[in-house]
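Encoded as structure tokens, the structure appears first; notes follow it.
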Amino acid sequence: MQKLGEFKLPHFFNYPPYFTLQPVRDTREKQVQLWKELIIEYCRAQKVFIIGLEEDFPLFSNRAIERRAEWTDKGHKKCLILWHRIQEWADLIVHFVKENGLEDNVTTVEEIRSGTESRGTELYGIDRSVLMRALKLLEHKGKLVIFKGASTDDEGVKFSL
């Protein structure tokens, strides 16, 4: 069992799905409740009354399973929560492209995150910055080319899988 100081972390803290937002509502509600309880118990045990947004909070990273919260700004006021690693998002994009016959086609970034084909998939409504990171990873691997448009709404992507 892992410890933070004298605080003993629960056995499921090293289980990756604990750090992955669960898609099934009942499971997600239980997960959120477990997180609430863990944070309250930790703060009680460590006599932490205020969690400073500028400070690293030990519960929000787990090196054993390579999961952590990621700040989106230098002021540490916004935290990016990745329930899939960027590589996993990239894999979901590849699956989406193949499933929808988009190989060798051009589509827009906005169509990927809010188009008809993406409805009902995990890509629907994906945070734009997470999507762009996954697309850039795929571009680096030679699986697509990103075309800059006049605005962010018309950036194009040509897949070559």
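Sort 17-24, 29-36 for me by packing, meaning the mean count of neighbouring Cβ atoms within 10 Å per residue, highest on top. Intermediate results must be reported in sequence, preceding the final value.
Numbers: 17-24: 14.4, 29-36: 12.5.
Ranking the peptides 17-24, 29-36 by packing returns 17-24, 29-36.
Evaluate E = 1/(1 + (r/R0)^6) for LYS158 and SER129, where r is the Cβ-Cβ distance and R0 equals 22 Å; express this FRET efficiency to the nearest 0.05.
Details: r = 21 Å, r/R0 = 0.95.
Once the sixth-power term is evaluated, E becomes 0.55.
Subtracting the Cα-Cα distance from 0.36 nm times the residue separation, let me have the gained length for PHE57 to GLU139 in nm, one decimal. Walk me through the intermediate numbers first.
On the way: separation 82, 0.36 × 82 = 29.52 nm, distance 3.36 nm.
Here the segment from PHE57 to GLU139 would lengthen by 26.2 nm.
Which ³J(HN,Hα) values, rounded to whole Hz and listed in residue order, are derived for the range 112-127 from phi using the Karplus coefficients 6.51, -1.76 and 1.60 in 6.51 cos²θ - 1.76 cosθ + 1.60 with θ = phi - 60°, glycine and proline given as x?
Once rounded to whole Hz, the list reads 5, 8, 8, x, 4, 5, 7, 4, x, 10, 5, 6, 5, x, 4, 4.
From the phi of every residue in the range 11-19, what ³J(HN,Hα) in whole Hz does the Karplus formula 6.51 cos²θ - 1.76 cosθ + 1.60 yield, where θ is phi - 60° and glycine or proline is x?
4, 7, 5, 9, 9, x, x, 5, 9
Could you give me the ³J(HN,Hα) list for the range 136-144, computed from phi with Karplus coefficients 6.51, -1.76, 1.60 and θ = phi - 60°, whole Hz, x at Gly and Pro?
Rounded to whole hertz, the list is 5, 5, 5, 5, 4, 7, x, 9, 6.
FYI, it's all coordinate maths here, none of it is from the lab. Values in this document were obtained by computation on a predicted structure and should not be read as measured data. Note that we place each Cβ from the backbone using ideal geometry, even for glycine, and neighbour counts take in every protein chain shown.
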